[in-house]
Amino acid sequence: MRHAAAGPRPWTFYVFASFFALFVLFLYGPMTVIYILSFQGPTGGLTFPMTGFSLRWFHALVAAERVGDIGGSFSRSIVLAVIVAVLTVVLSVTAGLGFRRRFPGSGVVFYLAIASLIMPGLFVGLGIAVGFQLLGLDIDWYTSALGAQLTWTLPYGLLIMFAVLGRFNRAYEEAATDLGATPWQRLREVVLPILLPGIIGVALFGFTLSYDEFPRTVLTAGTRNTLPLEVWAMTTNVTSPALFAVGTVTTIVSFIAIGVALISIAVIQRRRTRSSGEPI
Amino acid sequence: MPAGTRNGEIRIVGVTKRFGDMAAVRDLTLTIPDKAYCCLLGPSGCGKTTILRMIAGHESPTTGEIRIGGEPVVGLSPVQRGTAMMFQSYALFPHRSVLDNVAFSLKLRGASKAERHRQARELLAKVRMERFADRLPAQLSGGQQQRVALARALITNPRVLLLDEPLSALDEYLRLRMRGELRRVQKELGITFIHVTHTQLEAIAVADLVVVMAQGAIEQAASAQEIFTAPRTAYVARFMGGQNVLSGTVERVADGHAIVVDEHGVSFSTAANGEEPVRGSRLVGSIRRDRISVSKAQGCATASGKVNSLLGEVHAIEYQGSYVKLTIERPSGEGFVANIIDEDFFRDPLDIGDSVLARWSARDVLILEGAADAGEASMDEAGGVLI
């Protein structure tokens with residue numbers, strides 16, 4: 001898209017364009033290599049050249065061929081990500097609604113909640129693990145690791161809700177009250193439906209942050225790994241392209257999650273703006 | 001349902017509303033008769049919206065009492081009050097169709113789908129929006145959204161409808177049309193309307209009762225005609241436009257007329273009805289812009305100092321169709337405006353820079369209450385005067 005009075009590009013354009021090209025190369029280059037190599041021929045190795053094209057390494061994931069507990073860690077990760085997403089949505093939406101009214105100490109509470117975004121995740125996880133040990137509790141993926149991941153996803157969820165609620169016109173709530181809605185009806189019939197696209201965004205963040213969380217989870221998951229921990233273990237002891245196949249599969253899962261979320265937001269937005277019902 | 005009576009008379013007694021240290025409304029007392037169309041008029045920040053929201057039940061007074069149809073309503077919900085509010089942004093629910101927006105209140109009360117849609121369609125027909133029943137609010141123009149908002153508010157069958165700047169989001173053409181329509185609907189339904197606005201013309205065009213407000217208090221509450229032709233204070237005179245405000249010291253009292261002279265030697269006289277003005281006291285008066293005659297000054301010396309006249313230079317000439325608005329620069333620097341009927345003006349047209357003599361009659365001078373400079377500052381923010 002050129003501007004009407006298009007003169008020569010300023011030199012800064014070339015600097016930033018080159019930078020962006022590098023960015024794209026660094027981000028997508030290695031990933032693309034991994035996706036391609038995951039289809040390596042049956043006799044091939046971890047690097048090029050491709051000795052053929054096969055689904056052998058995907059098959060290796062399912063048939064537990066000394067590549068670790070991919071199936072188990074994958075299902076644990078999915079279940080954990082769903083639990084984290086649900087808890088993040090419930091807690092950040094209620095907290096976000098609560099923070100709209102300034103209360104004594106609301107600033108302090110807010111900064112306490114947000115501070116975990118800048119705390120080093122590895123030490124948060126370490127602290128939680130030590131804490132569980134002190135209390136004589138077993139660490140496990142659905143207890144200590146769940147808590148550790150929530151220290152990461154909840155502040156994000158809260159910040160997203162602030163952005164979402166910042167654009168929410170309180171007149172909607174007053175109009176509902178004016179028309180006779182009880183507080184509960186107001187929430188269910190007006191507030192939540194209007195906020196729904198933002199809430200889906202919070203859920204998506206909760207899901208994806210949990211799904212590939214490593215630093216907080218590594219010391220809190222106990223003996224049963226989540227997927228990122230399993231993949232990390234594999235990099236040290238698996239020397240076949242099965243490792244790449246894991247990368248391809250997990251990427252596909254992430255894209256599915258994002259796709260579902262974006263499509264549902266788009267559908268909601270479209271229902272609110274496009275012509276629905278009879279043509280006029 | 002509004003309890004018992006359908007009486008939409010509103011009594012506000014000694015109401016104060018504070019937000020922190022700031023008093024938005026100060027000890028305000030006002031009665032709005034049943035079935036009246038009342039406009040709360042004032043510049044932004046004068047407390048008019050706060051009053052509306054207190055009547056609606058979206059704010060509670062810090063002190064004081066509000067009665068609707070005789071019943072105290074502070075603490076009651078909007079539905080219990082029998083009020084309905086139309087919001088400035090309309091606040092139509094974006095995820096519901098026009099029909100479901102209007103039917104929303106009935107849905108909350110558990111009406112069957114068929115029944116609530118029937119009633120909603122009836123109201124949509126009343127505001128001529130039945131064709132758009134299946135659309136979403138985002139697919140409507142501003143004027144159409146406003147009609148839907150009106151129908152949605154009316155479905156609760158209120159005895160009082162509260163309108164917060166209902167026309168401010170519309171363009172000029174729609175604003176004129178919709179204000180006529182609001183008045184028509186109000187007459188048809190026979191309920192009390194309270195309409196908040198900062199536009200003088202809007203208020204006097206529709207209202208039975210105009211309440212001019214400044215800084216959380218009422219300056220004057222009266223019929224539109226009275227507000228316009230007989231402002232009580234210098235603030236109202238300036239805010240409504242249509243008047244020139246003069247002030248000065250009472251120099252002498254003769255034949256029941258007080259002669260008032262300002263610091264630039266401009267003098268005016270007025271019938272001293274009621275209590276006799278004291279010599280040396282300050283007096284503020286106003287003269288209607290359309291009761292002033294202007295002629296070319298011939299020989300400044302002769303005219304200068306005459307009572308009920310003023311010498312100055314023409315500063316601006318604005319043709320307004322049926323009259324010409326002539327702004328004369330006074331010695332004090334303040335503008336003095338004369339509205340001259342077009343025929344009279346064009347018989348002997350004036351030009352900018354001409355020296356002119358403006359004259360008026362003592363019986364067109366009104367004595368005002370309050371400080372002479374009241375409202376001078378607020379004129380700019382209120383968007384100037386209207387005529």
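Each value in this text was obtained by applying a stated rule to the coordinates, not by laboratory testing. In this text, all values refer to a predicted model and were calculated from it rather than measured experimentally. So basically every Cβ, Gly included, is an ideal-geometry build from the backbone, and we count neighbours across all protein chains shown.
Couple of notes before you dig in:
- Estimated inter-spin distance, A:A163 and B:N157, nm [label 7 Å along Cα→Cβ]: 4.7 nm
- Förster-model FRET efficiency, 51 Å R0, A:M50 and A:I268, C-beta, rounded to 0.05: 0.75
- Backbone HN-Hα couplings from phi across the range B:147-158 [Karplus 6.51/-1.76/1.60, Hz, Gly and Pro as x]: 5, 5, 4, 5, 4, 5, 5, 6, 5, 6, 6, x
- Kirkwood hydrodynamic radius of the range B:179-267, Cα pairs, Å: 15.4 Å
- Only Lys, Arg (+1) and Asp, Glu (-1) charged, at Cβ; the protein assembly as shown dipole about Cα centre in debye: 2140 debye
- For chain B, the longest site-free run once GluC sites (Glu not before Pro) in DSSP loop states with at most 15 other Cβ atoms within 10 Å are removed: B:1-262
- R0 of 51 Å, Cβ-Cβ distance A:V15-A:V79: FRET efficiency to nearest 0.05: 0.65
- Computing Rg and the Kirkwood Rh from the Cα coordinates of the protein assembly as shown gives a ratio, Rg/Rh, of 1.15.
- If you bin all the Cα-Cα distances of chain B at 10 Å, starting from zero, the percentages per bin are 5, 21, 25, 21, 15, 9, 4, 1, 0.
- Spin-label model distance (nm) - B:Y173 vs B:R118, 7 Å beyond Cα toward Cβ: 3.9 nm
- What the phi angles of the range A:122-128 give under the Karplus curve with 6.51, -1.76 and 1.60, with θ = phi - 60°, is a coupling list of 4, 7, 4, x, 4, x, 5 Hz, glycine and proline written as x.
- Crossing angle, helix A:192-211 versus chain A [Cα axis fit, 0-90 degrees, rounded to tens]: 20 degrees
- Size of electric dipole in chain B: Cβ of Lys, Arg +1 and of Asp, Glu -1, about Cα centre, debye, nearest 20: 2140 debye
- Angle in degrees between helix A:227-237 and the longest Cα principal axis of chain A, rounded to the nearest 10: 20 degrees
- Between the exposed loop cleavage positions of chain B, defined as trypsin sites (Lys or Arg not before Pro) in a non-H, G, I, E, B DSSP state with at most 15 neighbouring beta-carbon atoms within 10 angstrom, the longest gap is B:129-278.
- Relative to the longest principal axis of the Cα atoms of chain A, the long axis of helix A:11-37 makes an angle of roughly 60 degrees.
- Per-residue Cβ neighbour rank within 10 angstrom, fewest leading, B:T50, A:T43: A:T43, B:T50
- Residue mean of other protein chain beta carbons inside 10 Å, B:87-99: 5
- Mean separation of Cα contacts under 8 Å, 6 or more apart, over the residue count of chain B: relative contact order %: 16 percent
- Restricted to Cα atoms, the range A:149-194 shows a radius of gyration and a Dmax of 13.4, 41 angstrom.
- Percent of C-alpha pairs per 5 Å bin, chain A, short to long: 1, 5, 9, 11, 12, 13, 12, 11, 9, 8, 5, 3, 1, 0, 0
- Per-residue HN-Hα couplings for the range B:264-271 [Karplus 6.51, -1.76, 1.60; θ = phi - 60°; Hz; x = Gly/Pro]: 9, x, 6, 10, 9, 10, 8, 5
- Partners of B:K126 within straight-line reach, counting lysines whose Cα lies under 22 Å from its Cα and excluding those fewer than 8 residues away in the same chain: B:K35, B:K107, B:K113, B:K187.
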